[in-house]
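The values are calculated or read from the model by the stated rules, or taken from the named source; none is laboratory data. These numbers come from a predicted model, not from an experiment. All Cβ positions, even for glycine, are placed from backbone atoms using ideal geometry, and neighbour counts span all protein chains on display.
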Amino acid sequence: MCAETEYQDRERPKGFLVGLDIKGKPGALDIDSSLEELGLLADTAGIHVVGQTYQRVKPPHPATFIGSGKVEEVRRWIEELDVDIVIFDDELSPRHQRELEEAFGEDVRIIDRTALILDIFAQHARTKEGALQVALAQYEYRLPRLTRQWTHLARQAGGGSARGGVGGVGLRGPGETQLETDRREIRRRIAHLKRELEQVRAHRERHRLQRRRAGVPVIALVGYTNAGKSTLLNRLSGASVYVADQLFATLDPTTRRVALPGGREVLFTDTVGFIQKLPHSLVAAFRATLEEIAEASLLLHVVDVSHPNAVEQAHVVESTLSDELGIEDIPIVMALNKIDLLTGEDDTANLQALQSRYPAAVPLSALTGEGIDSLLGMIEEVLAHQLVHVVVRIPYAEGGLIAHFYEVALVESESHEDTYVELSGVLHPRYVGPYQPYRMPDRGK
């Protein structure tokens, strides 16, 4: 280790990792890989990891999450290594948090994977939207865990404004404790942030409506964090999105226009990376951003094939899309990224396993450009077979359905008769359902 790195480590808070291998609980990664990932998250957050441990149990301990013997072991490590922060690999309940804070003492911070990810997001959110979403997730996470150990939020806020534009402090009522005041203040800020984010959501929806009317397909890049999505977007568009070898290096969504080989223009949108044990609060808080995925014409799933857990990471992304976001009917193109880093037999085995599971996947290197032409050709082919042409005769009484057709379809022609309007155009198959009763033979198509 060089002298500069040693100095940086001395300046950073010392973290100790604790994992729980719960028997019978399915997980994308084994306990060793999960703790390794937690260490990378800690490093991204500016924490110097000095040690780790884990325990195999059936259910978590109802009071302290880990057993009493393991609590004592961690306490010894805290003293021996002069630990500042103990980081748990799973989300702790409010009770677990309180009991562990009491067991380890007030000089040691207790955080979990969720709090760590939220801290990273807070550091990397560079736009107002990103800051609003992170602030909402942080407050909703913090509210049930609020104890006397938290700094008084009301006093922090003062007469100014907190991040995201929330400010001001209400007066304390008769007999109200500081803890109750802080809880009331957090609830007020949560309500304010939700109102602001609803405006962001409406703004995004207006943009999506404009894109649909213009007939511009949107391709959302999805993938495990640090899979190389931003590097790929830079390669495709000539953009200069921030890239770093860190988890969650980029947070705020970025959209770029790209011309496909046949000349058709599409929009590529980079989205926040996924990770195992993705906190539910984050999924809810980032609803406005994640709706870009749900409304996309096509998903480009980027996988880091050089990672030892590439197959498991791909599974995490698939599960998040289907289980958390309810996305199942949008075509997916798989990009097997970082083939320039494949060296050993294990790397080759990962690539072969993914190609066996996804025969249409495109191996490429976003860094060198190898395979990019094949990827664009695959995207163009999928989009060409994606839209359907329809002719419909909708009664004037169904005014909402007529307006909806203009929102979701690229309208080619319209003609008005006594009782109905005839419209023809192309649209995504998922929007066809409501128009089936009004469809006419598609002459000349």
Extreme residue, farthest from residue 14 (Cα to Cα), among residues of segment 71-106 that are part of a helix (DSSP H, G or I) and in contact (Cβ under 8 Å) with a residue 40 or more places away in the chain: 94
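Would you confirm whether any residue within segment 417-428 is within 26 Å of the chain's Cα centre (by Cα) and part of a loop (DSSP other than H, G, I, E, B)? Before you say what the answer is, go through the steps one by one.
The first filter runs over segment 417-428 and keeps only residues within 26 Å of the chain's Cα centre (by Cα), leaving 428.
Narrowing the set further to residues that are part of a loop (DSSP other than H, G, I, E, B) leaves 428.
Scanning segment 417-428 turns up at least one residue that is within 26 Å of the chain's Cα centre (by Cα) and part of a loop (DSSP other than H, G, I, E, B).
Scan segment 385-430 residue by residue and report those that are of a type in the set (Lys, Arg) and within 22 Å of residue 298 (Cβ to Cβ). Steps first, answer last, please.
Applying the first criterion (of a type in the set (Lys, Arg)) to segment 385-430 yields 393, 430.
Result: 430, single match.
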Cross-chain or 6+ apart pairs with Cβ under 8 Å, segment 170-186 first and modelled with pLDDT of 80 or more, then polar (S, T, N, Q) and surrounded by fewer than 11 Cβ atoms within 10 Å (Cβ to Cβ): none
Residues being exposed (fewer than 15 other Cβ atoms within 10 Å of the Cβ) and among the small types (Gly, Ala, Ser) - total across segment 323-340: 1
Some residue of segment 377-389 being in a strand (DSSP E or B) and in contact (Cβ under 8 Å) with a residue 60 or more places away in the chain: no
Single residue of segment 359-408 satisfying the filter (hydroxyl-bearing (Ser, Thr, Tyr) and under 30 Å from residue 435 (Cα atoms)) that is surrounded by the fewest Cβ atoms within 10 Å (Cβ to Cβ): 396
Residues that are touching a strand residue (DSSP E or B) at 6+ places or on another chain (Cβ under 8 Å) and loosely packed, with under 14 Cβ neighbours inside 10 Å, drawn from segment 33-72: 56, 58, 59, 68
Sole exception among (1) under 25 Å from residue 136 (Cβ atoms); (2) modelled with pLDDT of 65 or more for residue 164, by number: (2)
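Filtering segment 107-146 down to residues that are in a loop (DSSP other than H, G, I, E, B) and modelled with pLDDT of 85 or more, which residue is farthest from residue 13 (Cα to Cα)?
Checking each candidate, the answer is 107.
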Subset tally (residues that are in contact (Cβ under 8 Å) with a residue 60 or more places away in the chain and of a type outside the set (A, V, I, L, M)) for segment 395-428: 3
